[in-house]
Each structure stands twice: as structure tokens, then as C-alpha cells.
1. Taking the conditions exactly as written (assigned to a helix (DSSP H, G or I), acidic (Asp, Glu) and open to solvent by 60 Å² or more (accessible area, probe 1.4 Å)), does Asp19 satisfy them or not?
2. Between a residue in region 18-33 that is over 17 Å from Met78 (Cα atoms) and any residue that is of a type in the set (Asp, Glu) and surrounded by 13 or more Cβ atoms within 10 Å (Cβ to Cβ), which pairs come within a Cβ distance under 8 Å, given they are 6 or more apart or on different chains?
3. Pick out, from region 25-131, the helices (runs of 4 or more DSSP H) lying fully within it that include 3 or more residues that are open to solvent by 70 Å² or more (accessible area, probe 1.4 Å).
4. Is it true that Tyr66 is of a type in the set (Ser, Thr, Tyr) and closer than 21 Å to Val8 by Cα?
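The values are calculated or read from the model by the stated rules, or taken from the named source; none is laboratory data. Keep in mind that this is a model prediction, so the values were computed, not measured. Every residue, glycine as well, gets a Cβ built from its backbone with ideal geometry; the counts of neighbours run over all protein chains shown. Just so you know, the surface numbers come from the protein's heavy atoms only, side chains and all, with ligands and any DNA or RNA stripped out. Shrake-Rupley method; radii C 1.70, N 1.55, O 1.52, S 1.80 Å.
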Amino acid sequence: MTDPAPAVTGKPLRWLRLDGLVLLAAALILFASTHQPWWLVPAVILLPDLFMLGYLRDTRIGAAVYNLGHSYPLPAAMSLVGAVGHHPLTLALGLLWLAHIGMDRLARYGLKYDVSFQHTHLGGPGPADPP
């Protein structure tokens, strides 16, 4: 029987984790250019995890809501609106949302499958894959 929730492994997983590190670093470097106070970082960096509340309903809804908050379109759009509209706080919040996603990917928290909260495209947090 095949795994109902397969995960990326090996070298592609390491590349995806490196992508997460790059996104985290780039978002924080760009955050500095917004001239917003640095206390915002610890104050809001975990707010996207509120998208886990969908799991109070069931795993299908939970995965959909979580994935909506942990994929790039919404925070990228928020960042773009902030940049184009010259709203530094909006830009900063969008960048911190992207930083959160990068941090999650680095830690192997991936997009969720409907199977359960622990089943993600990156397999879930834990020790690094063997070479």
C-alpha cells in the first residue's frame, strides 16, 4: 500500500529547507528596510499559526485553512499592497508572515495533508534526513 501522505526526502528535502532559510533571512533583511520596530518580530512571528484553528472543525478543513495561511500568495499580496501603497507597517507584517513560512519550512513544518496534522509535504519536524 502506498503512503496516503508522502513526503519529500533526501536531497530535495535539504534544498526545500535551504529555501526556507533563504526566505526567512530575506524577509527579515527586507523587514529592516521598513523601519518598523524590531519588537514586532517576536510579537507577530507566530501569528500565522492561528490558521491551525481550522483543525477544531476537522482535518480536512484544518488542512485547507492551515495551508491557506502557510503558502505564499496571501503574505506576498499583503507585502505587495504595503510596498505599492507606501504602507510600511502593512509591508512589514507581510514580510514577517513570509518569514514565518520560511522558518516553518526550515524546521520541516510543511503544507498539510488531510490525513492528520502531522502529515506534511516535508514529513514534519525532527532530525535531518540521512545523506
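1. Values: assigned to a helix (DSSP H, G or I): yes; acidic (Asp, Glu): yes; open to solvent by 60 Å² or more (accessible area, probe 1.4 Å): yes.
Judged against the criteria, Asp19 is a match.
2. Hits for this filter: Gly20/Asp104.
3. Values: elements: 40-44, 59-69, 73-84, 88-106.
So the answer is 73-84.
4. Values: of a type in the set (Ser, Thr, Tyr): yes; closer than 21 Å to Val8 by Cα: yes.
So Tyr66 passes the test.
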